[in-house]
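Report on the following structure.
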Amino acid sequence: MAWNESRGNVFRDFKGVDHIRTHEPVRDRPSAYAVVQRDHRILIVYPQKGLPCWEIPGGGIEEGESLEEAVTREFMEETGYAVRRIAGREPVHFTEQNFHYFDQFCNSVISVVHGELIHEIQDESKINSSPDDPNEIARVEWMLLADITEDMVHPIHWPAIRKIRADDEGD
């Protein structure tokens, strides 16, 4: 079973541990991520805990928040950069996953969109980097697309990065 598969009442978490759902409800947790490209590079983050791999900046959409608002908020929290969704572009990737997250069984519709920086200056004070929070960020980097391989990226993000790499190679 892959990290993000559910099989009946078995949900896998981000560390690869299976959790058996008996009677707990499944929470909807839609998520939004943004790919920002520059000079054949994308901005990616490395979390402090969880799977030891790089991720596209983003996360859960909060109650009453639009996809665009979530992308802007999550990107700032994880990278320190102000970003906005590029209007009119199709999502890079769209999928649905079941997973176990902070003692909850979740179903998430995941949208990965194209983003662009609003300001070129990074505000490092905005990056969530508390060592006590497992969701927080250890590193933020502009990584060359050609150097990114499947084994170094969170499995949920690889399809989007693979697509961006193919598009970049075609330019």
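Among the residues of segment 50-80, the one identified as assigned to a loop (DSSP other than H, G, I, E, B), β-branched (Val, Ile, Thr) and closer than 21 Å to residue 125 by Cα is 56.
The one condition from (1) in contact (Cβ under 8 Å) with a residue 24 or more places away in the chain; (2) open to solvent by 70 Å² or more (accessible area, probe 1.4 Å) that residue 95 does not meet is (2). For beta carbons closer than 9 Å, sequence separation of 6+ or different chains, a first residue in segment 33-53 that is on the phi > 0 side of the Ramachandran plot and a second that is surrounded by 17 or more Cβ atoms within 10 Å (Cβ to Cβ) and not charged (D, E, K, R), the qualifying pairs are 40/145; 50/14; 50/135; 50/154. Please work out if residue 138 is at pLDDT below 90 and touching a strand residue (DSSP E or B) at 6+ places or on another chain (Cβ under 7 Å). Judged against the criteria, residue 138 is a match.
Selection of segment 42-57 for residues being open to solvent by 10 Å² or more (accessible area, probe 1.4 Å) and under 13 Å from residue 74 (Cα atoms) yields only 55. Taking the condition open to solvent by 20 Å² or more (accessible area, probe 1.4 Å), at pLDDT 85 or above and not in a strand (DSSP E or B), does residue 84 pass? In short, no. In segment 137-151, the residues that are touching a residue at least 12 places away in the same chain (Cβ under 8 Å) form Cβ pairs under 6 Å with partners that are part of a helix (DSSP H, G or I) and open to solvent by less than 50 Å² (accessible area, probe 1.4 Å), at six or more places apart or across chains, as follows: 137/78; 140/79; 145/168; 148/161; 150/158. The single residue among 133, 147 that is at pLDDT 85 or above and out of contact with any Asp or Glu (no Cβ under 9 Å at 6 or more places or on another chain) turns out to be 147. Exactly one residue out of 57, 25, 52, 30 is closer than 27 Å to residue 168 by Cβ, out of contact with any Asp or Glu (no Cβ under 6 Å at 6 or more places or on another chain) and not aromatic (Phe, Trp, Tyr), and it is 52. Reported count of residues in segment 108-129, each being open to solvent by 30 Å² or more (accessible area, probe 1.4 Å), assigned to a strand (DSSP E or B) and modelled with pLDDT under 85, is 1.
The values are calculated or read from the model by the stated rules, or taken from the named source; none is laboratory data. Worth saying up front: this structure is predicted, and the values here are computed from it rather than measured. Note: ideal-geometry Cβ built from the backbone for every residue, glycine included; neighbour counts use all protein chains shown. We work out accessible area using only protein heavy atoms, side chains counted, and drop any ligands, DNA or RNA first. Shrake-Rupley method; radii C 1.70, N 1.55, O 1.52, S 1.80 Å.
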